[in-house]
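Q: Below is the structure I would like to discuss, written out as structure tokens.
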Amino acid sequence: MSLESCRTVKLPCLKDPRGSLVFLEGNRDIVPFDIKRVYYLFNVPTGGVRGGHAHRNLKQILIAVSGSFDVVLDDGRERKSVTLSHGTEGLMITSMVWRELENFSPSAVCLVLASEHYDEADYFRDYREFKNEVLRRQVG
Ligand code: T46
């Protein structure tokens, strides 16, 4: 997958005098997969980094439901950095994209909607191994 398929999407948000409500449903326009897992990252210490891996099949949507953080994306050819800082914005990360999450603000909470159950075999945790697989898929 290329970085073009990793993009931010505006999330539907209902605002009224009581506050705001964002809603997401699996297999609809915003989330183009069944949501099989939800997890969130928080209490990341100052200077802390999460991620540092890619997935063979997993697709995910990341949302900064509180605070902010940067997501560095790398498809083995190019890199780009995306800042998430609004609960009304989601970042789609497709398969075969290396990600690193950094610059977490003290109150940051990263909510993740995932297309698959947790499976350690789906991870590339070694960048060289990931890069070799990108090259192998290019040739094959
Ligand atoms: C990603 C970023 C944004 C589980 O048992 N179940 C789970 O669903 C997850 C996500 C993790 N784990 C275990 C595996 C490790 O022993 O929790 C431990 C920490 O996981 P990891 O080092 O992969 O956490 P992050 O924050 O570096 O990465 C996670 C996701 O793994 C990854 O897919 O994109 O959040």
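Q: Could you work out the relative contact order of the chain? I mean the mean sequence separation of Cα pairs under 8 Å and 6+ apart, divided by the number of residues, in percent.
A: Dividing the mean separation by the residue count of the chain yields 33 percent.
Q: Ok, one more. Round to a whole number: what % of the accessible area of segment 12-108 belongs to carbon and sulfur, probe 1.4 Å?
A: Working: 2540 of 5270 Å².
Exposed carbon and sulfur together represent 48 percent of the surface.
Q: With angles folded into 0 to 90 degrees, how steeply does helix 127-139 sit against the dominant principal axis of the chain? Use alpha carbons for both and round to 10.
A: 70
Q: Here is a further query. Excluding residues fewer than 8 places away in the same chain, name every one of the lysines whose C-alpha is closer than 18 Å to that of Lys10.
A: Lys59
Q: Follow-up question, since we're still on this one. Accessible area per residue, 1.4 Å probe, Å², for the chain: what's the number? Intermediate values should be presented prior to the final figure.
A: Numbers: 8140 Å² over 140 residues.
On a per-residue basis, 58 Å².
Q: OK, next. Most fluctuating residue of Lys36, Lys15, Lys80 in a GNM of the chain with Cα springs under 10 Å: which is it?
A: Result for the chain, Cα springs under 10 Å: Lys15 fluctuates most.
Q: Read phi for every residue in segment 91-104 and hand back ³J(HN,Hα) as whole Hz from Karplus 6.51 cos²θ - 1.76 cosθ + 1.60, θ = phi - 60°, with x for Gly and Pro.
A: Once θ is set to phi - 60°, the couplings for segment 91-104 become 10, 7, 10, 7, 5, 6, 10, 6, 9, 10, 10, 8, 6, 5 Hz.
Q: Is the shape of the chain best called rounded, prolate or oblate, per the rule: a/c under 1.5 gives rounded, else a/b larger than b/c gives prolate, else oblate, with a ≥ b ≥ c the square roots of the Cα gyration tensor eigenvalues? Write out the running numbers ahead of the final one.
A: Numbers: a/c = 2.03, a/b = 1.50, b/c = 1.35.
Prolate is the answer for the chain, as a/c is 1.5 or above and a/b outweighs b/c.
Q: Could you compute the net charge surrounding Leu91? Neighbours are other residues with a C-beta less than 12 Å from the C-beta of Leu91; K and R count +1, D and E count -1.
A: Values: positive: Arg7, Lys10, Lys59, Lys80, Arg99; negative: Asp70, Glu89.
With Lys, Arg at +1 and Asp, Glu at -1, the net is +3.
Q: Right, next: Taking the Cα centre of the chain as the origin, how large is its charge dipole in debye, to the nearest 20, when only Lys and Arg (+1) and Asp and Glu (-1) carry charge on their Cβ atoms?
A: Values: 19 positive and 19 negative charges, 28 e Å.
It works out to roughly 140 debye.
Q: Same structure again: Compute, for segment 4-53, the length of the dipole vector about the Cα centre, with Cβ point charges of +1 (Lys, Arg) and -1 (Asp, Glu) only. Units Debye, rounded to 20.
A: 120
Q: Here's another thing I want to ask about it. Using only helices, what value at 222 nm comes out for the chain when you add -39,500 (n - 2.57) per DSSP H run of length 4 or more and divide by the total residues, to the nearest 500 deg cm²/dmol?
A: It comes out at -3000 deg cm²/dmol, rounded to the nearest 500.
Q: Go through Tyr118, Val71, Pro45 and say which Cα lies farthest out towards the positive end of the charge dipole of the chain; charges sit on Cβ, +1 for Lys and Arg, -1 for Asp and Glu.
A: Going by the Cα projections, it comes out as Val71.
The values are calculated or read from the model by the stated rules, or taken from the named source; none is laboratory data. Small disclaimer: the values here were computed from a predicted structure and weren't measured. Every residue, glycine among them, receives a Cβ derived from its backbone with ideal geometry; neighbour counts consider all protein chains shown. Only protein heavy atoms, including side chains, enter the accessible area calculation; ligands, DNA and RNA are left aside. Shrake-Rupley method; radii C 1.70, N 1.55, O 1.52, S 1.80 Å.
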